[in-house]
Amino acid sequence: MSASAIPVRTVISPGRYVQAKGAIARLGEFTAPIGTTPIVVADDVVWGIVEEQVRASFEAAGLTVVRESFGRYATKGEVDRLVTAIQDAGADVAIGIGGGSTIDAVKAAGHLAGIRWVSAPTVASTDAPASALSVIYTEEGEFEEYRFFPHNPDLVLVDTQLVANAPVKFLVAGVGDALATWLEARATQRAHATTMAGGLQTETALALARLSWDLIWENALPAIAAVQDDLVTPAVEKLVEANTLLSGLGFESGGLAAAHAIHNGLTAAPQTHGLTHGQKVNIGSLAQLVLEGAPTEEIRDFIIFTTKVGLPNTLTEIGLKTTDVEDLQRVAELSVVEGETIHNMPFPVTAADVVDALRSIEGYSRQVRAEAGLPEPVFYTAH
């Protein structure tokens with residue numbers, strides 16, 4: 001056996017993680033050791049919010065601000081455009097400020113340009129900021145591919161006041177994305193499958209995935225209530241860490257399985273366009289529990305909790321019906337293509353299995369919600 005064929009257990013992580021209320025005011029300080037000629041990528045809305053603080057922090061650190069705009073999705077075209085902007089600016093570090101797509105595009109562009117990169121999320125809606133991969137979409141917002149990089153961001157900096165000021169739907173979406181972390185990590189463990197980090201799972205990664213899960217169940221509801229009033233409380237700090245750092249470390253070094261593969265399939269259904277990543281992942285998580293034949297109590301608890309959080313757990317809430325068999329079949333077929341993470345499940349999964357799991361959650365979720373006195377699902381109309 002060659003040395004490269006020897007299986008290894010591995011954990012990968014960002015170079016530094018910084019989180020605090022008002023942390024954006026120290027972005028220049030933490031960037032200065034990484035590069036001397038930064039380029040900042042942010043869309044117009046985000047830049048309008050952070051520009052004054054970013055400029056002040058860069059000036060204090062002796063850095064010049066060069067800002068580049070961002071579109072809607074991390075597409076191949078947008079990544080290539082940013083590579084050109086990096087080269088034109090002579091930048092040696094790229095900083096993505098904003099949501100997951102902005103950060104994913106910056107990571108991909110930074111890698112192609114051969115420079116270092118920094119994530120400064122203004123929402124806690126995904127675990128993208130900490131990872132060494134980017135999700136690339138089509139111009140229409142459909143999943144196209146994963147791109148893997150040889151290292152994680154050099155810095156992840158999260159200002160929890162910015163997170164609290166953002167619409168609460170983004171924090172809720174982050175919960176949907178992060179709840180999948182433990183479910184997928186334990187499935188990967190049972191299958192002894194390879195993780196996104198390129199090796200077998202470590203006990204460290206599994207523990208971090210579980211910690212993310214525990215912090216979410218303990219803190220999500222009070223944190224969401226606080227953010228509705230733009231407040232930063234200890235529960236908000238814990239939830240942001242769970243959504244961003246722990247979920248990032250847990251999914252990447254712990255492994256993905258069915259939940260994210262089903263999400264990727266759902267992006268091809270036009271009925272779901274406009275939904276957040278975490279909303280679609282939550283449907284994937286519930287479908288994964290069904291595929292596993294998880295204990296009834298576990299599925300019931302998941303439905304009740306995610307309903308209270310504000311996440312969808314029925315097809316109705318993502319614009320689909322149980323009678324949309326052709327659409328669901330297309331979603332299922334995309335979720336089981338060769339190389340998808342659904343093959344990290346500890347048993348074979350077919351497209352027919354996925355269709356049945358997705359169709360089954362409608363009736364059962366409605367039943368559980370009714371018994372718990374929770375609202376009936378509202379049909380989602382794509383926009």
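Structure notes:
- The gain in end-to-end length when the Glu338 to Thr64 segment is fully stretched comes to 94.1 nm, 0.36 nm per residue minus the alpha carbon separation.
- Accessible carbon and sulfur surface of segment 168-372 relative to its total accessible area, %, 1.4 Å: 53 percent
- In segment 16-165, the C-alpha radius of gyration followed by the widest Cα-Cα span (Dmax) gives 13.8, 41 angstrom.
- Relative to the longest principal axis of the Cα atoms of the chain, the long axis of helix 296-309 lies at roughly 50 degrees.
- Unit Cα scatterers, Debye sum, the chain: log10 I(q)/I(0) for q = 0.08, 0.15 Å⁻¹: -0.38, -1.35
- Binned Cα-Cα distances of segment 168-372, short to long, each 5 Å bin given as a whole percent: 1, 8, 17, 20, 21, 17, 11, 4, 1, 0
- Residues whose placed amide H lies under 5 Å from that of Val18, excluding near-sequence neighbours: Val156, Leu157, Val158
- Exceeding the 32 Å Cα-Cα cut-off - candidates Lys21/Lys308; Lys238/Lys280; Lys76/Lys238; Lys107/Lys321; Lys76/Lys280; Lys21/Lys321: Lys76/Lys238; Lys107/Lys321; Lys21/Lys321
- Å³ per residue enclosed by the Cα convex hull of segment 1-47: 177 Å³
- Simple rule: put +1 on each Lys or Arg Cβ and -1 on each Asp or Glu Cβ in the chain, find the dipole, and look at Pro153, Ser69, Ser365; the Cα lying farthest toward the positive end is Pro153.
- Each of Ser212, Val281, Ala225 was scored by the projection of its Cα onto the charge dipole of segment 199-322, and the greatest displacement toward the positive side belongs to Val281; charges sit on the C-beta of Lys, Arg, Asp and Glu.
- Largest GNM mean-square fluctuation across Phe148, Phe347, Phe170, computed for the chain with C-alpha springs under 10 Å, falls on Phe347.
- Where a label projected 7 Å from the Cα of Ala382 along Cα→Cβ would reach, residues of segment 309-326 with amide N under 17 Å: 315-326
- On Cα atoms only, tilt of 44-60 relative to the major axis of the chain in degrees: 40 degrees
- Nearest-ten-degree value, helix 277-292 long axis tilted from longest Cα axis of the chain: 40 degrees
- Anisotropy class assigned to segment 158-285 is oblate, per the alpha carbon gyration tensor with a/c at or over the 1.5 cut-off and a/b no larger than b/c.
- Counting only protein chain heavy atoms and rolling a 1.4 Å probe, the accessible areas of Thr194, Thr202, Thr314 rank, largest first, as Thr194, Thr202, Thr314.
- Intensity falloff of segment 86-171 expressed as log10 I(q)/I(0), Debye formula with alpha-carbon point scatterers, at q = 0.11, 0.16, 0.20 Å⁻¹: -0.30, -0.61, -0.91
- Accessible area in the full protein assembly, largest first, 1.4 Å probe, for Thr36, Thr233: Thr36, Thr233
- Accessible area (Å², per residue) of segment 1-130, counting only protein heavy atoms and a probe of 1.4 Å: 44 Å²
- A quarter of the convex hull surface defined by the alpha-carbon atoms of segment 187-255 gives 4.6 nm² as the mean projection.
- Size of segment 99-148 as Cα extents on the principal axes (Å, biggest first): 28, 25, 15
- Solvent-accessible area of segment 1-40 (1.4 angstrom probe, protein heavy atoms only): carbon and sulfur portion equals 54 percent.
- Within segment 262-383, the percentage of alpha carbon pairs spaced more than 20 angstrom apart rounds to 37%.
- With the simple model of a label 7 Å out from the Cα in the direction of the Cβ, Lys76 to Glu218 spans 4.6 nm.
The values are calculated or read from the model by the stated rules, or taken from the named source; none is laboratory data. Remember, it's a predicted structure, so these values are computed and weren't measured experimentally. Every residue, glycine among them, receives a Cβ derived from its backbone with ideal geometry; neighbour counts consider all protein chains shown. Ligands, DNA and RNA are excluded from the accessible area calculation, which covers all protein heavy atoms including side chains. Shrake-Rupley method; radii C 1.70, N 1.55, O 1.52, S 1.80 Å.
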